[in-house]
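The values are calculated or read from the model by the stated rules, or taken from the named source; none is laboratory data. Predicted model, so just to flag it, every value in this text is computed and none were measured. All Cβ positions, even for glycine, are placed from backbone atoms using ideal geometry, and neighbour counts span all protein chains on display.
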Amino acid sequence: MCVRGLSKSYATPQGPLPVLRGVDLTLEAGETLAMMGESGSGKSTLLHLVGALDDADAGDILLDGVNIAGLPENGKATVRRETIGVVFQQFNLIASLTVGENLAFQSRLANRYDPDWMARLTQRLGLDNLTGRYPEQLSGGQQQRVAIGRALAARPRLLLADEPTGNLDEPTGDAALALTLELVAETGCGFLMVTHSVRLASRLQRQATLAAGTLIST
Amino acid sequence: MRQICWTLAALASHWRKHPANLATLILGLAIATALWSGVQALNTQARRSYDSAANAFTGGKAQNLVAAQGGLFAQDLFVALRRAGLKVSPILEGSARIGKKTAKLIGIEPLTLPRDVGLAPLAGNRSATGMLTGDGLSYAAPGTIRDLGVLAGERPLTDAGFKLPPLVALSEAPPGAIIVDIGVAQKALNRPGRLSRMIVAPDMRIDATTLTEATDRALRIVEPEEDSDLARLTDSFHLNLTAFGLLAFLVGFFIVHASFGLAFEQRLPVLRTLRALGVSARALVAAMVIELSAFTLLAGGAGVIGGYLIAAALLPDVSASLEGLYGAQISGALTLDARWIISALAMAGGGALFAGASGLLKTFNLPVLSVARPIAWREAHRRYLARQATFALLSLMVAVLAGYFADTLEGGFTVIAASLLGVALLLPLALEALLRIGEALSKTPLSRWFFADGRQEIAGLSLALMALLLALATNIGVGGMVEGFRHTFIGWLDQRLVAEIYYEAATPHDAREIEDWARKDKEIVAILPVWRSKTRIGDWPVEVMGMTPHTTYSEHFPLNAATPDVWRMLHEEDAALVSEQLARRLKLSPGDSFDLPTTGDSWRLRVAGIFPDYGNPKGQIRLDHTRLAQHFADASGIHYSLRVAGDATTRVMTRLQETFGARIARIVDQAEVKKISTEIFERTFTVTTALNTLTLVVSAIALFASLLTLSNLRLAHVAPVWAIGVTRDRLATLEMLRILVFAAGAALIAIPLGLFMTWALVDIVNVVAFGWRLPMHIFPQHWLTVFATAQVAALVAGLVPVRRLARAAPAELLKVFANER
């Protein structure tokens, strides 16, 4: 992933509010990067732009050499489906589908469903006995594991995580992150995680800090 | 108090943020109230008019004297009775065309008009001075003056060229009537020296013997109760209206219930926070009740105004059908009545309270600390479906029991209401099953999600879908009944109205002369006197009519059931044809015997046949013409029908009118009678059709309201799928498809339910209400129309929420994933 001169501002009654001001960033395949910063520094916005979830005002986002910043809605959807996996803090599982269906959903959607990989993933995530349950019947930690599994099931080139352990207690959060890092290493995808926690950030290979929309350290 | 005020402010902030939800809530309550109060306004107006008409001259307690053989009688009889010391007052009634309107012209004699009957203001010297001096005066109700398009003080000109005296508004005047001095009426109606009836002073009772001696059998007594049947005869009509009003209210109530339920879910975090901040459960509920009351007043008030407008729009049709069916004159100007305003507000208040009751109860029992886990919708939904299923089965059991044991109109409506409710409650279960099947058959993950998510969506949409189902079923049910009735009615008219010309002579004497003349006319093939009399069997008014032996009857007259030699039996034995409604009332079948009260005696008759008599609120008996004359001395011999050769109808009518002029009171040809009958029929069902359509519109609004309210909640379901890589357009298409699938499911269930409703209306309600059973017709084309209507309603209702989703900015969808959500 290569981000160049990425800018984004939001409209407010008082006029445009700049959130990102010309951010440059690179992330190699298999590399892990923690993005830190205070609330409102633009971390989540950066993640949403890189995740093809939002439109940038200016700048480029190259994924495997393809600039996704200028893609139309359909193109962005394809990127989200086939190239990226996202783990949200709120897990955002599909309440109407079972755990098994949630896990397979994106990979099936991307036509990349691999039963062997799915079986291994399910077993590694410790969800073998829970595939028939619904998300509301799981604990927070279990739900987070489903979210990680769903994101990795399609073997994405880039895994994004927005405060993935923010809703979990420390031991559960640590375990979830450890598992994620193992799986990232196994799949060889890039991993960008947004976090407030210096402790968790230190477990990733690189750390970067955003302040008022500008990258101040990497 | 301070606590409640601040709580109210916090609660109200929800509506500020969701104005569309507030609008649908108010709209739902207002529409429900409007439909209910509109129907109540129509009923109140009609009943007020019956009272006014019944009390106008008789006060419901005075005897009337009319010509023994019908028609008019000589004024000399009045003079003779007054000379004999009997306190009677003359009346002449007739119709006068004024511009495009017809008014009932009533001639009275103010000096002899009893003071203690209706229209007291016109009795006595004061009004006599006004009526009898100068140009005289005419009196009419303010609404009648408005309807006629004239002003008080003006002199209306009749089409016959007679200028009536200046009009004065009199609120006690019966609707549609102009009251003038009897001399003026005789001139205006071209009936010099003739009267139609005399009122006997209420403090005096005349017996038949005295009358016979004084008038030589020229007059007969009409007891007051004979003319006060109007309210009773029209009861069924009003009950039907009320039932439809109630149904429309129920559909509106579904909107309110859905809006309140969703608002409660949306405000749950606010309610918890308020409780956590120290607001007591009692204060919270009190604030919510105040909020509810404010909505009731606002929406109820708007509903009353809406109801008034609906009633005003429908009144001309209601009044036309009541006049056509029952001869009841209804004032064309709607008057405000405290009773229906209060009833409307009470319904709005009761409905709102009932709709909000579960929310209030939940609020009262809301735990301050709640585990912050996602709503266990599946568990809640399962409980909800189980509860629905229980209520549904109970409702269906009530329907079955009512069908078995009830033989009243209320029982018939209970069958319909309970079955509608039962099936409506089963709808979410049926849709759930349908979606489960879809899910099981799905091959792709998106289609699987489509069905699985649909099951989750049903919970929020079920009330609106139930409302749609009710409206669609009613549409099919009532539409089927009306259309079936139209088929039957037109066929029946063709059989019943075979004669080419129908006329009514002014007097029996005129009738004989016309008959003699007609015998010599070569183009008249047959003269069919239809002499008639009245009697009562039990407490029910019955018309008795004569029939001459003729192929017009034996080859065409429609019969439901008959003995093998019905026509021979009718003319050669003591036998009668009995109308279906009377036969049902008396539990008679062909071959049975019954006693018919005749003039001062009773006559044992056998039932030769039973004939359909649609649209007649009274019972009817057909007898051999000669035997009728023998047993009913007072039979009026002024009604006739004529069979004429080929295309001679117009020529014969012209000759009759030229020869006899005013001696023929009324003459119409077959086409005209059919046209009038069909018009009455169409107008009778205009109201039903209008209410039907309004109910459908209300249900579409219910669906729209629910979809709009749900659209915010739906984002949370849709955003993860969007984030995974499904475009907004595709999601919007799937959302619309799902709404259409739901509507299609409701429509498919509505078809058999509607058919059942048609059957219940035709086989139970109509039989009890009107006494006739129609053959059941099926109209598959109508089902297709209703199915298409459901799809269009769903499409329209879903357009705004789906468009909103398709155009939702990524930032809006991303809020779903935001930590602060």
query: Just a yes or no: is a residue in the range A:86-108 aliphatic (A, V, I, L, M) and over 23 Å from A:TYR134 (Cα atoms)?
result: no
query: Of all residues in the range A:41-66, which are without any contact (Cβ under 8 Å) to a residue 40 or more places away in the chain and over 18 Å from the mean Cα position of the chain (by Cα)?
result: A:GLY65, A:VAL66
- request: Look through the range B:634-661, keep the residues that are assigned to a helix (DSSP H, G or I) and either in contact with a strand residue (DSSP E or B) (Cβ under 7 Å, 6 or more places away or on another chain) or not assigned by TED's automatic domain parsing to the domain that holds B:HIS550 (or both), and return whichever of them is surrounded by the fewest Cβ atoms within 10 Å (Cβ to Cβ).
  value: B:GLN657
task: Kindly state which helices (runs of 4 or more DSSP H) lie completely within the range A:135-218 and contain at least 3 residues that are out of contact with any Phe, Trp or Tyr (no Cβ under 6 Å at 6 or more places or on another chain) and within 30 Å of B:ASP453 (Cα to Cα).
output: A:140-153, A:170-187
field: Residues located in the range B:440-458, provided they are more than 9 Å from chain A (Cβ to nearest Cβ) and part of a helix (DSSP H, G or I)
entry: B:ALA440, B:LEU441, B:SER447, B:PHE450, B:ILE458
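Does B:PRO597 satisfy the condition of being more than 24 Å from B:PRO617 (Cβ to Cβ) and surrounded by fewer than 17 Cβ atoms within 10 Å (Cβ to Cβ)? Step through it out loud before you land on a result.
Values: more than 24 Å from B:PRO617 (Cβ to Cβ): no; surrounded by fewer than 17 Cβ atoms within 10 Å (Cβ to Cβ): yes.
Answer is no for this residue.
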task: Say whether the condition of being under 30 Å from A:SER107 (Cα atoms), in contact with a helix residue (DSSP H, G or I) (Cβ under 6 Å, 6 or more places away or on another chain), within 14 Å of another protein chain (Cβ to nearest Cβ) and buried (at least 21 other Cβ atoms within 10 Å of the Cβ) is met by at least one residue in the range B:711-718.
output: yes
query: Looking only at the range A:131-157, which residues are surrounded by 22 or more Cβ atoms within 10 Å (Cβ to Cβ) and more than 10 Å from chain B (Cβ to nearest Cβ)?
result: A:GLN144, A:ARG145, A:VAL146, A:ILE148, A:GLY149, A:LEU152, A:ALA153, A:PRO156
query: Can you name every residue in the range B:719-733 that is crowded, with 21+ Cβ neighbours inside 10 Å and either away from chain A (no Cβ under 14 Å) or closer than 26 Å to B:VAL792 by Cβ (or both)?
result: B:LEU731
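Across the range A:51-81, what is the total count of residues that are within 7 Å of chain B (Cβ to nearest Cβ) and among the charged types (D, E, K, R)?
Going residue by residue through the range A:51-81, those that are within 7 Å of chain B (Cβ to nearest Cβ) are A:53-55, A:73-74, A:77-78, A:80-81.
Filter again for among the charged types (D, E, K, R), leaving A:54-55, A:73, A:80-81.
Residues meeting the conditions: 5.
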statement: (1) touching a Pro at 6+ places or on another chain (Cβ under 9 Å); (2) facing chain B (nearest Cβ under 9 Å); (3) aliphatic (A, V, I, L, M); (4) buried (at least 22 other Cβ atoms within 10 Å of the Cβ) all hold for A:ALA95 apart from (4)
message: Need pairs with beta-carbon distance below 9 Å; first residue assigned by TED's automatic domain parsing to the domain that holds B:ALA201 and within the range B:73-101, second aromatic (Phe, Trp, Tyr); sequence gap 6+ or separate chains.
response: B:VAL88/B:PHE78; B:SER89/B:PHE57; B:SER89/B:PHE78; B:PRO90/B:PHE78; B:ILE91/B:PHE57; B:ALA96/B:PHE162
- request: Can you run down the residue pairs with Cβ atoms below 8 Å, 6 or more apart or on separate chains, where the first is in the range B:750-761 and assigned by TED's automatic domain parsing to the domain that holds B:VAL415 and the partner is part of a helix (DSSP H, G or I) and of a type in the set (Phe, Trp, Tyr)?
  value: B:ILE751/B:TRP783; B:ILE751/B:PHE787; B:GLY754/B:TRP783
task: Would you confirm whether any residue within the range B:175-188 is at pLDDT 80 or above, in contact with a helix residue (DSSP H, G or I) (Cβ under 8 Å, 6 or more places away or on another chain) and not aliphatic (A, V, I, L, M)?
output: yes
message: Looking at the range B:806-821 only, could you name the residues that are part of a helix (DSSP H, G or I) and crowded, with 18+ Cβ neighbours inside 10 Å?
response: B:PRO810, B:LEU813, B:LEU814, B:VAL816, B:PHE817
Residues satisfying the stated conditions in the range A:112-130, i.e. more than 10 Å from chain B (Cβ to nearest Cβ) and surrounded by fewer than 18 Cβ atoms within 10 Å (Cβ to Cβ): A:ARG112, A:ASP114, A:PRO115, A:ASP116, A:TRP117, A:ALA119, A:ARG120, A:GLN123, A:ARG124, A:GLY126, A:ASP128, A:ASN129
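Go through the range B:154-174 and give me each residue that's over 34 Å from the mean Cα position of the chain (by Cα) and at pLDDT 85 or above.
So in the range B:154-174, the residues over 34 Å from the mean Cα position of the chain (by Cα) come out as B:154-155, B:157, B:160-166.
Of everything in the range B:154-174, those that are over 34 Å from the mean Cα position of the chain (by Cα) and at pLDDT 85 or above turn out to be B:GLU154, B:ARG155, B:LEU157, B:PHE162, B:LYS163, B:LEU164, B:PRO165, B:PRO166.
Of all the residues that make up the range A:53-72, how many are touching a Gly at 6+ places or on another chain (Cβ under 8 Å) and not charged (D, E, K, R)? I'd like the intermediate steps shown before the answer.
Of the residues in the range A:53-72, the ones touching a Gly at 6+ places or on another chain (Cβ under 8 Å) are A:58-60, A:68-69.
Now restrict to residues that are not charged (D, E, K, R): A:58-59, A:68-69.
Looking only at that region, the number is 4.
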Residues satisfying the stated conditions in the range B:73-113, i.e. part of a strand (DSSP E or B) and among the acidic types (Asp, Glu): B:GLU93
message: With the requirement that a residue be surrounded by fewer than 21 Cβ atoms within 10 Å (Cβ to Cβ) and within 12 Å of B:GLY176 (Cβ to Cβ), what does the range B:142-160 give you?
response: B:ARG146, B:ASP147
message: Within the range B:389-429, take every residue that is modelled with pLDDT under 85 and over 25 Å from the mean Cα position of the chain (by Cα) and give me the one that is surrounded by the most Cβ atoms within 10 Å (Cβ to Cβ).
response: B:TYR404
Count - residues of the range A:173-185 that are closer than 19 Å to A:LEU121 by Cβ and either out of contact with any Pro (no Cβ under 9 Å at 6 or more places or on another chain) or surrounded by fewer than 18 Cβ atoms within 10 Å (Cβ to Cβ) (or both): 8
From the options B:ARG738, B:ARG803, B:ARG714, residue that is in contact with a Pro (Cβ under 9 Å, 6 or more places away or on another chain) and assigned to a helix (DSSP H, G or I): B:ARG714
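For every residue, the table says whether it meets (1) touching a Cys at 6+ places or on another chain (Cβ under 7 Å); (2) touching a residue at least 40 places away in the same chain (Cβ under 8 Å).
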residue	(1), (2)
A:LEU97	no, no
A:LEU121	no, yes
A:LEU127	no, no
A:LEU158	yes, yes
A:THR172	no, no
A:PHE191	no, yes
A:THR195	no, yes
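Which of the residues belonging to the range A:1-32 are closer than 22 Å to A:GLN205 by Cα and either within 14 Å of another protein chain (Cβ to nearest Cβ) or in a loop (DSSP other than H, G, I, E, B) (or both)?
From the range A:1-32, those closer than 22 Å to A:GLN205 by Cα are A:1-4, A:23-32; that's our starting set.
Listed by number, the residues that qualify are A:MET1, A:LEU27, A:GLU28, A:ALA29, A:GLY30, A:GLU31.
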Residue check, B:ALA788 within 14 Å of chain A (Cβ to nearest Cβ) and surrounded by fewer than 18 Cβ atoms within 10 Å (Cβ to Cβ): no
